[in-house]
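Peer 1: Please find one structure pasted underneath; my questions will follow.
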Amino acid sequence: MNGQPAIQVRDLHKRFGDLHAVKGISFTVPAGQIFSLLGPNGAGKSTTISILSCLLQPTSGDALVMGHSVQREPMAVKAAIGVVPQEIALYEDLSARENLDFWGKMVGLRGAALRQRVDEVLEIIGLADRQKGRVAKFSGGMKRRLNIGIALLHRPQVIIMDEPTVGIDPQTRRNILDSVKELNRQGMTVLYTTHYMEEAQELSDQIAIMDQGRIIAQGTHQDLVQIVGELDRVDLTLNALPDWVTDRWQQIPGVQKVIVGAPSHPQATDGERTVTLLVDDSNLVLPRLFESATQAGVRITSVTIQEPNLEAVFLHLTGRALRDE
Amino acid sequence: MKTLDIARKDLLRSSRSFSVWVFGLAVPLLTSGIFFFAFGGLGDGGFDLPVTQVVVANLDSPVNGFSAGQLLLNFLKAEDFKEILAVSEVADAVTARRVVDQQQAGLAVILPADLTAALVRPGERAVVELYQDPTLTLGPGIVSGIIGQFVDGLIGSNIAANVVTAQLARYGHPIDAATSQAIAVEYGRWAAALGAHQQQETSALLEIHRPAVEPGSEDVRSRIVSLIMAGMMVFFVFFTGAASAENLLAEEEAGTLARLFTTPTPISAILAGRMVATLVTLILQVVMLVTASALLFHVHWGSPAPAMGVAAGMILLAAGFGLFLTSLLKDRRQGGLVYGGVLTVMGNLGMINIFTAQVAGPARQIFDTLSLLVPQGWAVRGWQLLQAGGGIGDVLVTVLVMVSLAGVFFAAGLLRFRKRFA
Ligand SMILES: Nc1ncnc2c1ncn2[C@@H]1O[C@H](COP(=O)(O)OP(=O)(O)OP(=O)(O)O)[C@@H](O)[C@H]1O
Ligand SMILES: [Mg+2]
């Protein structure tokens, strides 16, 4: 791989009318790496991916895939990539095999080569024994796997996966993550989007954290976690939350950030509330938190302490949770 | 190559679609079949049905001087049905049922007081009651078929008004009840005119359309059914053309079209593949309809060479028009309105000269011109000319018009889709 990066994105912008969905992002994915775009809903991940798959024209900026510009050489880009769309895109009235046959032809496979590759892909996605079944009768997980299989047919140099694990059971998810790693081991470059930080952490050589159309941090998992340094993350559940409690906590030495979770009920003034804090050393801070809660007559009903992770990085950088669940 | 791969995939999917079979083949054949059996006692007397005694209690009250009940009654009393029906009227429903109970009639037809009202006012429903002697099946069965046809035609007016009202409201132009009623009444009147013509002496219709053939030399029934079958074929072939193009919208919504665009496949191959699939579907549909109707109902399609010309013109036009019509739609929800409304109205307009065949004089010209305002009318005209014994010279202009119109619609539709998918 003479050192040419698989993907180069340069100051990419995309506007939908007034909405500035992608606000000048740049990144480079070296060949052979797994690169994740991690970000919450609406961050602009799918928009970025659509531009890389030549489905959308950028408003400005450009992207190169295997050295080909998405604007000037879309056909060369399309020949180099396999795309797994976020929404399942299959012909439900055809069988798994008929789907693979058709999509294989669309990427230029024919005859014996096509048949053999379809057999291989059916093995990879674990649908060999269901190949004659109509897709309409498949479970969500089976459809997800076929959705991925289609992108593998022509052994693309770059595979682009948009949240391939949304809405599936843990076992299928495990399967998919393992096959992504396997594909990468065989030499494919993977661009992966997700809003699960565990997936980004497990898979990626590099991660770009995206929020509101921008890349707000980028690097290896370790690089990113460095941003929050040695901070611990403390999640508390309280039975009530008077305003001044957070003000007072903010003043406790060693507390870097106090983030109040959304109330479980919009009108709730005294229902259960969650608060997340980034602190230097939870051992020192926790007793002070309990002390002031007791003074305020507030009960802390649960405490979780986490080592620094991407979620904490996102919190630290945006003041918001990666996923509000 | 990819074009053919795409066409093959589209055809495979169509062959698995229930609605393609139902609307492409079953419905047009069944409709013609109903007429075939309804006219069974006429013509060459090949069918000998017993005369069914029918009592009618017409309780219907007219709306704006139009009574669907009266129309249906006249329809049943028409000459055409003399040999299969003997219609008498009674004053009320109870009497009607009693007459059947006493086996003095095989079937009682009870037309409710709100029949016309329900047909012309969107949203209302009326129930026509058929009360039949359980020991008789064939005669009453045919009468029910005739009435069903008739009522379906009228109900079309109600549906049309409902659709128009709902759609206008959705686009911010609510119309009042009086207007929507007026629409339905107008449609009802048109349907009435249609019904009135159907009850005319049937041979008059043939006089006009078969100048080349000596009267009486052919099976009357087969001529009527041939004409109806031609109308049905045109009507449903245009549906198939549009439904086939609609698959582009379906693929757009399912995300498979976007996925195709992530593969190195040019837009032109995708559109061309779809068009090849449409044309093949239409050719198969026409071949099957022509063959089946010739075998089952002795439909006479005219001499083979010009018939192929008319069929080709019709197929191209149906495909082109379907593509163009679909290119105007935003999504498949709008498709429902178009296929249920626009194509139905246009299809009926195209067939208007079948239903008004015996009208002569200046009105004749109006109907002829009217039907030629819609593409379907040209196709119907082609078949009418052929069934009247026309040769290549007689249908040439019609075929050329169809091919030219098809070219215009194809170009416009393809242009619009290319722009949309670019
Ligand atoms: N075709 C479009 N027209 C208008 N706005 C769009 C279009 N596609 C995306 N957007 C908007 O652009 C923003 C980014 O959307 P995008 O789908 O890229 O986010 P995402 O990071 O993929 O989110 P998710 O995790 O929910 O998939 C959103 O505000 C979205 O509403
Ligand atoms: Mg997305």
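Peer 1: From the set of residues in segment A:65-94 that are facing chain B (nearest Cβ under 8 Å), of a type in the set (A, V, I, L, M) and part of a loop (DSSP other than H, G, I, E, B), which is surrounded by the fewest Cβ atoms within 10 Å (Cβ to Cβ)?
Peer 2: The selected residue is A:Leu94.
Peer 1: Follow-up. Considering only residues that are more than 13 Å from ligand 2 (Cβ to nearest atom) and farther than 19 Å from A:Leu203 by Cα, which ones fall in segment A:15-50?
Peer 2: Hits for segment A:15-50 are A:Arg15, A:Phe16, A:Gly17, A:Asp18, A:Leu19, A:His20, A:Lys23, A:Gly24, A:Ile25, A:Ser26.
Peer 1: Name the helices (runs of 4 or more DSSP H) wholly inside segment A:150-237 in which the number of residues that are charged (D, E, K, R), assigned by TED's automatic domain parsing to the domain that holds A:Ile34 and more than 16 Å from ligand 2 (Cβ to nearest atom) is 2 or more.
Peer 2: Once the helices (runs of 4 or more DSSP H) in segment A:150-237 are filtered for at least 2 residues that are charged (D, E, K, R), assigned by TED's automatic domain parsing to the domain that holds A:Ile34 and more than 16 Å from ligand 2 (Cβ to nearest atom), what remains is A:170-185, A:197-203.
Peer 1: Scan segment A:156-181 for residues that are in contact (Cβ under 8 Å) with a residue 40 or more places away in the chain and surrounded by fewer than 18 Cβ atoms within 10 Å (Cβ to Cβ) and jot them down.
Peer 2: Residues satisfying the conditions are A:Val166, A:Lys181.
Peer 1: Hey, another quick one. Identify all residues within segment A:51-64 that are at positive phi and within 9 Å of another protein chain (Cβ to nearest Cβ); write none if there are none.
Peer 2: Within segment A:51-64, just A:Cys54 meets the criteria.
Peer 1: With the structure loaded, tell me whether A:Arg233 is basic (Lys, Arg), surrounded by fewer than 16 Cβ atoms within 10 Å (Cβ to Cβ), more than 13 Å from the chain's Cα centre (by Cα) and more than 16 Å from ligand 1 (Cβ to nearest atom) or whether it fails that test.
Peer 2: Taking the combined requirement at face value, the residue does not satisfy it.
Peer 1: Specify which of the listed residues (A:Glu230, A:Glu199) is among the charged types (D, E, K, R) and modelled with pLDDT under 90.
Peer 2: A:Glu230
Peer 1: Right, here's the next one. All but one of (1) touching a helix residue (DSSP H, G or I) at 6+ places or on another chain (Cβ under 6 Å); (2) buried (at least 18 other Cβ atoms within 10 Å of the Cβ) hold for A:Gln206; state the number of the condition that does not hold.
Peer 2: (1)
Peer 1: Let me ask something else. Say whether the condition of being within 16 Å of ligand 2 (Cβ to nearest atom), in contact with a strand residue (DSSP E or B) (Cβ under 8 Å, 6 or more places away or on another chain) and either assigned by TED's automatic domain parsing to the domain that holds A:Ile209 or open to solvent by less than 40 Å² (accessible area, probe 1.4 Å) (or both) is met by at least one residue in segment A:118-133.
Peer 2: Taking every residue of segment A:118-133 in turn, none turns out to be within 16 Å of ligand 2 (Cβ to nearest atom), in contact with a strand residue (DSSP E or B) (Cβ under 8 Å, 6 or more places away or on another chain) and either assigned by TED's automatic domain parsing to the domain that holds A:Ile209 or open to solvent by less than 40 Å² (accessible area, probe 1.4 Å) (or both).
Peer 1: If you check A:Ala112 against the conditions, is it within 14 Å of chain B (Cβ to nearest Cβ) and open to solvent by 50 Å² or more (accessible area, probe 1.4 Å)?
Peer 2: No, not satisfied.
Peer 1: Can you confirm whether A:Leu146 is within 14 Å of chain B (Cβ to nearest Cβ), part of a helix (DSSP H, G or I) and away from ligand 2 (no atom under 16 Å from the Cβ)?
Peer 2: Criteria met by A:Leu146.
Peer 1: Taking A:Gly32 as the residue in question, decide whether it is at positive phi, within 27 Å of the chain's Cα centre (by Cα) and not aliphatic (A, V, I, L, M).
Peer 2: So A:Gly32 passes the test.
Peer 1: Related question: Which condition number in (1) within 12 Å of another protein chain (Cβ to nearest Cβ); (2) under 20 Å from the mean Cα position of the chain (by Cα); (3) polar (S, T, N, Q) is the one that A:Thr48 fails?
Peer 2: (1)
Peer 1: Can you tell me which residues in segment B:247-274 are small (Gly, Ala, Ser), within 8 Å of chain A (Cβ to nearest Cβ) and open to solvent by less than 40 Å² (accessible area, probe 1.4 Å)?
Peer 2: B:Gly255, the sole residue that qualifies.
Peer 1: Just wondering, is there one or more residues in segment A:83-103 that are closer than 24 Å to A:Ile7 by Cα and of a type in the set (Asp, Glu)?
Peer 2: Checked segment A:83-103: at least one residue is closer than 24 Å to A:Ile7 by Cα and of a type in the set (Asp, Glu).
Peer 1: Also, quick follow-up: For B:Ala318, indicate whether it is touching a Phe, Trp or Tyr at 6+ places or on another chain (Cβ under 7 Å), away from chain A (no Cβ under 14 Å), farther than 17 Å from B:Arg418 by Cβ and without any contact (Cβ under 8 Å) to a residue 12 or more places away in the chain.
Peer 2: Taking the combined requirement at face value, the residue does not satisfy it.
Peer 1: Of all the residues that make up segment A:277-290, how many are open to solvent by 20 Å² or more (accessible area, probe 1.4 Å), of a type outside the set (A, V, I, L, M, F, W, C) and within 16 Å of A:Ser302 (Cα to Cα)?
Peer 2: Counting residues in segment A:277-290 that are open to solvent by 20 Å² or more (accessible area, probe 1.4 Å), of a type outside the set (A, V, I, L, M, F, W, C) and within 16 Å of A:Ser302 (Cα to Cα) gives 3.
Peer 1: Considering only strands (runs of 3 or more DSSP E) fully contained in segment A:1-64, which possess at least 2 residues that are open to solvent by 50 Å² or more (accessible area, probe 1.4 Å) and within 12 Å of ligand 1 (Cβ to nearest atom)?
Peer 2: Filter on segment A:1-64 gives A:7-16, A:19-29.
Peer 1: If a residue must be within 16 Å of ligand 2 (Cβ to nearest atom) and farther than 21 Å from A:Asn184 by Cβ, how many such residues does segment A:51-88 contain?
Peer 2: Total meeting the criteria: 5.
The values are calculated or read from the model by the stated rules, or taken from the named source; none is laboratory data. This structure is a prediction, so every number in the text was calculated from the model and none was measured. Counting neighbours? That spans all protein chains shown, and the Cβs are built from the backbone with ideal geometry, glycine included. Surface accessibility is based on the protein's heavy atoms, side chains included, excluding ligands, DNA and RNA. Shrake-Rupley method; radii C 1.70, N 1.55, O 1.52, S 1.80 Å.
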